[in-house]
Amino acid sequence: MREARLVIDTLALRHNVQRVRDNAPASRLIAMVKADAYGHGALAVAEALPNADAFGVAFLEEALALRAADIRQPIAVLEGLFSREEMEAALQHQLMIVVHQEQQLQLLEQCRSAGKVQVWLKADTGMHRLGFPPEMVPQVFQRLLACSSVESVGLLSHFAAADNPESPQTTQQITCFQDLHRRMQAVSPYKVPTSLCNSAGILAWPAVHGDWVRPGIMLYGSSPFAAESADSLGLRPVMTLSSRLIAVNPLKKGESVGYGATWTAERDTRIGVVAIGYGDGYPRTARNGTPVLVNGHIVPLAGRVSMDMITVDLGDLPVEVGAPCVLWGEGLPVDEVAACAGTLSYELFCKVTARVGRSRIG
Ligand SMILES: *Cc1c(COP(=O)(O)O)cnc(C)c1O
């Protein structure tokens, strides 16, 4: 049987949730489980977090899949809804919905169904991706308050650069957000809930945690900051991708390995072949020298990543066929591998393919 495996450590997941609680003790938590919980399995993650105050997904079907599996907490649909049918489903399944553009606002205004939804009004405070421009927000808020299907309206926005403490953009976004909140609160019949922080915001901007925080990547044990390791932030890896050596071959000084012969031995050595490749989601962009953990020892990737295999320079490491290998996770931070592949942990997590066997511990 192929040995490529993905193990999800739900104890580590709960540990990381506790880190969010420690950092943002006064806020409720929307655990982000979009994109199959960043590749960790949305249902597995939701089931492991009975104490999460809510879950966050990108679109309706992701929410309905959780409801179909009997997940009862509130679920926020962050890209909102796009038809009357979707609106009906949101009412039926008690979803929280984001409203970020005019058509979505009109859907609510035209809704005549019984039942009410909780709405997050998304303001574009500077990311310029989704959200109403700030000058429209007070008027949008009034229109939402007038909708019979709207139970309550919160203010939500998203940071563009909270991972970079040097960037002035975050303080500008915060000023804009707080100003909008004041204006909404001044005309609101109830306290307007706020939500602004992703993982980077939770860790770096404690003053603006607000009522609801939206952690994603930190739940999965990866650092949102380039300059700070997950370990130094007290986070533990949830996903471990592992496999085994399926061959160990001698290689002479001057000989090269793999497609395109991109790596050449500078001394006589041994090459280990690991049963993992881009067909499993190991990034083809991983460069020579990317760390791989073989039987607990770091060795460098040597040569191009193939579809089903990678090759590593074992040197004198005393290992044989069958030795366990970790590609990222327990013992090898995903952030280091991502950096060597010119990408982020987010992408590595999401791209593990269906042929990799999965299991849960904890
Ligand atoms: C994905 C997402 C988050 C979580 O971001 P992380 O960087 O993974 O913590 C928060 N808010 C919104 C709107 C998102 O789309």
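With the convex hull of its Cα atoms as the shape, segment 228-289 has an orientation-averaged projected area of 6.1 nm². Restricting attention to the chain, lysine pairs at least eight places apart or on different chains and with alpha-carbon atoms under 25 angstrom apart total 5. Are there trypsin sites (Lys or Arg not before Pro) in segment 259-362 that DSSP puts in a loop and that have at most 16 other Cβ atoms within 10 Å, and which ones? Counting only loop positions with at most 16 other Cβ atoms within 10 Å, the trypsin sites (Lys or Arg not before Pro) in segment 259-362 are ARG267, ARG284, ARG287, LYS351, ARG355.
Divide the volume of the convex hull around the Cα atoms of the chain by the residue count and you get 144 Å³ per residue.
The alpha carbon gyration tensor of segment 163-223 gives principal lengths a ≥ b ≥ c with a/c of 1.5 or higher and a/b no greater than b/c, which makes the shape oblate.
Can you give me the Cα centroid spacing of segment 8-55 and segment 315-362 in angstrom? That distance is 21 Å. Pairwise alpha-carbon distances in segment 249-354 exceed 24 Å for 18% of all pairs. Does segment 40-140 come out rounded, prolate or oblate by the C-alpha gyration tensor, with a ≥ b ≥ c the root eigenvalues, rounded set by a/c under 1.5 and, if not, prolate when a/b is larger than b/c and oblate if not? Here segment 40-140 falls in the oblate category.
Entry for segment 65-198 at q = 0.11, 0.18, 0.19, 0.21 Å⁻¹: log10 I(q)/I(0) = -0.40, -0.98, -1.07, -1.23, Debye formula applied to identical alpha-carbon scatterers, no solvent contribution.
Of SER152, SER167, SER27, which is the most mobile in a GNM of the chain whose springs link Cα atoms less than 10 angstrom apart? Among SER152, SER167, SER27, the largest mean-square fluctuation in the Gaussian network model of the chain belongs to SER167.
Helical runs assigned H by DSSP (4 residues or longer) give the chain a calculated mean residue ellipticity at 222 nm of -8000 deg cm²/dmol, each run adding -39500 (n - 2.57) before division by the residue total. Applying both filters, DSSP loop and at most 10 other Cβ atoms within 10 Å, to the chymotrypsin sites (Phe, Trp or Tyr not before Pro) of segment 141-187 eliminates every site.
Laboratory data are not the source of any read-out in this text; all were calculated from the coordinates shown. As the structure is a prediction and not an experimental result, all values here were calculated from the model. In this analysis, Cβ positions are derived from the backbone assuming ideal geometry, glycine residues included, and neighbour counts consider all displayed protein chains.
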